[in-house]
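Remarks on the structure that follows.
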Amino acid sequence: MKEEVSAFFGWMLVGFAVIGVASCAPHGAPLPSRSPISRAEAENLLNQAIDLAQEKNYDRLCQVVAAAEQNCRNQLEGAARSRQQPGLERPKVVAFSHFDEEGGPTAVLRLEGHRADDAAYTSDFAVIRTEGSKLGSLTAPYWIGSKYVGIGQPPPVTSTSNSSG
């Protein structure tokens, strides 16, 4: 129970850190494009994340896929403390949502899958533009069960599918 409570509060802190990333760009970096992120773009980034996670190349996951490397590392530390490891099967993309927020567009893929211990999860893979047109995920460790909620609203499901990610 103590570990569960500790993990819960750790995840809350990570969640607050993730929200901060969406609203600011690094000093001197090109401003993110305001153009919407397509489902195909989000799924391409997800596929990179899955490939790197299955290779257990978590450094590259945080360097290449994450919107903010340190937030990704914090999420991975929380996952390790909770003994959450990605499963061998690719998660399924079951929904796609799009948000046009003040900090820029956000695309969210709702995933369903199983971790290495066969525990089922539902998780959101949130994608933003970090600088120029570069994409990054707020939730690169896709297997941790993160949920994304746009500012002041629950996520609207714009389409559903049973296609694999």
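The values are calculated or read from the model by the stated rules, or taken from the named source; none is laboratory data. The shown structure was predicted, so the numbers you read here are calculated from the model rather than taken from an experiment. Cβ sites come from the backbone with ideal geometry, for glycine too, and all protein chains shown count toward neighbours.
A few comments on the model shown:
- In the range 127-140, the qualifying residues are those that are over 17 Å from Glu89 (Cα atoms) and outside any strand (DSSP E or B), and the one that is nearest to the chain's Cα centre (by Cα) is Thr139.
- In this structure, Leu88 does satisfy being in a loop (DSSP other than H, G, I, E, B), among the hydrophobic types (A, V, I, L, M, F, W, C) and closer than 18 Å to Tyr121 by Cα.
- Residue under evaluation Asp124, criteria (1) surrounded by 19 or more Cβ atoms within 10 Å (Cβ to Cβ); (2) among the acidic types (Asp, Glu); (3) in a helix (DSSP H, G or I), criterion not met: (3)
- Taking first residues from the range 132-147 that are on the phi > 0 side of the Ramachandran plot and partners that are surrounded by fewer than 24 Cβ atoms within 10 Å (Cβ to Cβ) and modelled with pLDDT of 95 or more, the Cβ contacts under 8 Å between residues at least 6 apart in sequence or on separate chains come to Gly145/Gln84; Gly145/Tyr121; Gly145/Thr122; Gly145/Ser123.
- The set of residues in the range 52-103 being within 16 Å of Arg115 (Cα to Cα) and aromatic (Phe, Trp, Tyr) consists of Tyr58 alone.
- Residues located in the range 45-76, provided they are part of a loop (DSSP other than H, G, I, E, B) and buried (at least 19 other Cβ atoms within 10 Å of the Cβ): Ala67, Ala68
- Residue match in the range 98-114 (condition: within 13 Å of the chain's Cα centre (by Cα) and among the small types (Gly, Ala, Ser)): yes
- Ala80 exposed (fewer than 14 other Cβ atoms within 10 Å of the Cβ), at pLDDT 80 or above and out of contact with any strand residue (DSSP E or B) (no Cβ under 9 Å at 6 or more places or on another chain): yes
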